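The values are calculated or read from the model by the stated rules, or taken from the named source; none is laboratory data. Remember, predicted model here, so these are calculated numbers, not experimental data. Every residue, glycine as well, gets a Cβ built from its backbone with ideal geometry; the counts of neighbours run over all protein chains shown.
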Amino acid sequence: MANWRQKKPVNYLKEMLLHRYSVNAGLGSVAAALALSIPFGGLGFLPLIGYGAGVAIAALFVPGSERFRRKVDRRLLLERREAARKHLIEEIEKRVGRDHPYWKVYRRMLERRDSLRKIAEQSETAVTQDDIDALDDATVDYLGLWLARIAIHERAQSLDDRSLAQRIAEIDAQLQDVSGSADRRRLLKAKQELELLLRRREEMRTRDASMEATMLSMADTFDEVFQRVMANPTSRDEVVAELKVAVERMNAEEELDYILEDEIDALMER
């Protein structure tokens, strides 16, 4: 889920052919061909021939157009972002319901985002669509951090540190009495794995604290950006600087690394 930003290979020719303009033109050509075929017979194929020729010419230029590719890439990114948002919301709701206090924080972030989007639609404002996208990315990261914390807490409840430490002590006692080299090797391996698990759990606790701080910072930053923009919406230089700092503060990609993805994946498999 942390990888929803990653761009996947795109068939731009296919995207052009499936674009609503191409589809509508194709349907229009078929309708025109059917209409002409009744009174004129073979001439009914002319609209289809014209459509095919137009598509062939467009295929030489449109898929390679930088403007077209940017539009396609943006649409696909938005689709991946909303798919990730939906999936995260569903998984969180399964585990904490809809009454958790974080939902109120999340909804306020969305309200701030929507208000800023309306401001960005005004041509004279300093806020751009790219700025809104960066803030919207942060709302999905907020959900990702939340689900990661849920995963960590559930993993912690399954086995406490005291049980792990007790089991390590038991293995140490067994090592005092074991004589066979094979048995000793297996016990040492088991001890190493338990010690690694204990260290990992400690690491997860520090990550949980870090993620909690990041989530709090995100919510606070949304409010701060909203207030700054509302106070001076047309001051481009000042707003750009504020938004850049805000996005950097809310960048949660470092927190949502592969270790946390493993925690989330383990949670999803239950």
Residue hits (region 118-138; buried (at least 16 other Cβ atoms within 10 Å of the Cβ), at pLDDT below 85 and not small (Gly, Ala, Ser)) are ILE119, THR125, VAL127, ASP131, ILE132
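With respect to ARG117, determine if the residue is farther than 16 Å from MET230 by Cα, out of contact with any Ser or Thr (no Cβ under 9 Å at 6 or more places or on another chain) and not aliphatic (A, V, I, L, M).
Details: farther than 16 Å from MET230 by Cα: no; out of contact with any Ser or Thr (no Cβ under 9 Å at 6 or more places or on another chain): yes; not aliphatic (A, V, I, L, M): yes.
No: the conditions fail for ARG117.
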Filter region 85-117 down to the residues that are part of a helix (DSSP H, G or I), at pLDDT 90 or above and not charged (D, E, K, R) and list them by number. HIS87, LEU88, ILE89, ILE92, VAL96, PRO101, TYR102, TRP103, VAL105, TYR106, MET109, LEU110
Given the conditions (1) among the small types (Gly, Ala, Ser); (2) surrounded by 14 or more Cβ atoms within 10 Å (Cβ to Cβ); (3) more than 26 Å from VAL96 (Cβ to Cβ), every one holds for ALA173 apart from (2)
Restricting attention to region 139-165, which residues are at pLDDT 80 or above and of a type outside the set (A, V, I, L, M, F, W, C)? THR139, ASP141, TYR142, GLY144, ARG149, HIS153, GLU154
List pairs: first in region 66-94 and more than 20 Å from ALA138 (Cβ to Cβ), second aliphatic (A, V, I, L, M), Cβ under 6 Å, 6+ apart or cross-chain? PHE68/VAL62
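For the structure I just gave you, tell me whether ARG207 is closer than 14 Å to ILE152 by Cα and among the charged types (D, E, K, R).
Details: closer than 14 Å to ILE152 by Cα: yes; among the charged types (D, E, K, R): yes.
It is true that ARG207 is closer than 14 Å to ILE152 by Cα and among the charged types (D, E, K, R).
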